[in-house]
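This report concerns only the one structure given below.
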Amino acid sequence: MNSKHIKATVVSRRDITSELWVVRIRPEEPIPFKAGQYVTIGMTASEKMIERPYSVASAPQEAELEFFLELVPQGQLTPHLYPVTVGGEVFMRRAAKGRFLLDTASGHANHFLVATVTGVAPYVGMVREMAARADRGETIPFRIGVLQAASVSAEFGYYEELSALARKYPWLSYVASISRTWQDPDWKGELGRAEEIVRKHLDALGFTAADTTAYVCGNPDMIENAKGVFKRAGFSKESVKEEVYWIPEKGASA
């Protein structure tokens with residue numbers, strides 16, 4: 001370990017599916033961050049440090065860092081990270097990074113947050129921060145709409161939390177949608193891929209290009225397709241923020 005890294009301890013773990021899990025990690029010293037930023041996690045394997053950045057699902061006021069992770073069997077880090085149980089140790093970079101933040105400086109009255117599966121993590125942090133402000137008696141001066149898509153409903157790691165927060169706060173709405181209906185016949189919610197229903201829910205909320213900042217996070221194919229939808233809806237490039245979770249290989253489908 002060098003001066004760039006600190007030790008951190010896994011303090012809780014919640015398994016969502018066989019490949020998805022939520023973990024809370026306590027670093028040995030605080031890592032200040034803004035909602036929407038990422039922190040780089042590392043582990044030693046074959047005597048070298050393997051690192052990957054992960055969006056933080058915690059709000060900045062929380063003492064621990066929370067992450068919504070997906071096991072990539074052929075990945076470099078998650079096969080080592082997945083077996084770590086409560087009490088296990090990892091390493092973290094001392095500084096959080098990233099500019100995927102809620103753009104309150106835009107002056108827009110609305111923020112429309114679109115994600116696939118683990119791409120909802122930075123939005124959870126943003127919503128938690130706004131909820132904490134509301135609970136302190138502050139007025140939230142804008143509306144937030146969260147649209148999350150997955151193959152099946154089991155992949156919604158924050159469905160109950162976001163649904164409950166949307167019922168509690170009038171400034172928040174949350175829609176979850178699945179695409180593999182044949183694998184989840186009991187699902188009663190929205191259907192379709194994120195990019196297929198973006199415009200539907202944008203219009204349902206009354207959000208327009210003139211008063212809305214859009215955000216897309218997760219699957220790179222979804223991001224490109226959703227950006228096309230926003231462009232056709234009149235959004236400027238500056239009004240669409242993106243956080244790509246991986247870069248697809250050339251010539252390969254995601």
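All of the numbers you see were taken from the coordinates with simple rules; none came from a lab. As the structure is a prediction and not an experimental result, all values here were calculated from the model. We place every Cβ from the backbone using ideal geometry, glycine too, and count neighbours over all the protein chains shown.
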**Asked** So, by mean Cβ neighbours within 10 angstrom, what's the order for 19-29, 43-53 with the highest one leading?
**Response** 19-29, 43-53
**Prompt:** How many lysine pairs are close in the range 156-254, with Cα atoms under 22 Å apart and the two 8 or more places apart or on different chains?
**Reply:** 10
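With r as the distance between the Cβ atoms of ALA45 and GLN183 and R0 = 35 Å, compute the FRET efficiency 1/(1 + (r/R0)^6) and round to 0.05.
Values: r = 34 Å, r/R0 = 0.96.
Rounded to the nearest 0.05, the efficiency is 0.55.
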**Message:** Students often forget the sequence filter, so: which lysines lie under 20 Å Cα-Cα from LYS7 once same-chain residues fewer than 8 apart are removed?
**Reply:** LYS48, LYS97
**Prompt:** Any idea what the relative contact order of the range 114-254 is, in percent, if you count C-alpha pairs under 8 Å spaced at least 6 apart?
**Reply:** 24 percent
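Report the gain in length on full extension from ASP211 to LEU71: 0.36 nm times residue separation, minus Cα-Cα distance, nm rounded to one decimal. Before the final figure, lay out the partial values.
On the way: separation 140, 0.36 × 140 = 50.40 nm, distance 3.76 nm.
Between ASP211 and LEU71, full extension yields an extra 46.6 nm.
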**Item:** As computed over the chain, the Cα convex hull volume per residue (Å³)
**Value:** 142 Å³
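Order the peptides 203-212, 226-235 from the highest to the lowest mean number of other Cβ atoms within 10 Å of their residues.
Answer by packing, highest mean first, reads 226-235, 203-212.
If you wrap a convex hull around the C-alpha atoms of the range 74-180 and split its volume per residue, what is the figure in Å³?
Values: hull volume 17.9 nm³, N = 107.
Measuring per residue, one finds 167 Å³ for the Cα hull of the range 74-180.
Please sort 185-195, 111-121 by packing, taking for each peptide the average over its residues of neighbouring beta carbons within 10 angstrom, highest first. Provide the component values of the computation, followed by the final result.
On the way: 185-195: 14.3, 111-121: 26.8.
The packing order, highest mean first, is 111-121, 185-195.
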**Evaluated at q = 0.29 Å⁻¹: base-10 log I(q)/I(0), Debye formula over Cα of the range 60-123** = -1.41
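Would you mind getting the Kirkwood hydrodynamic radius of the range 104-244 from its Cα pairs, rounded to one decimal in Å? All intermediate terms of the calculation are to be shown ahead of the outcome.
Numbers: mean 1/r = 0.0658 Å⁻¹.
Hydrodynamic radius (Kirkwood, Cα only) of the range 104-244 equals 15.2 Å.
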**Message:** For the pair GLU64/ILE140, report the inter-label distance in nm, with labels modelled 7 Å from Cα in the Cβ direction.
**Reply:** 2.4 nm
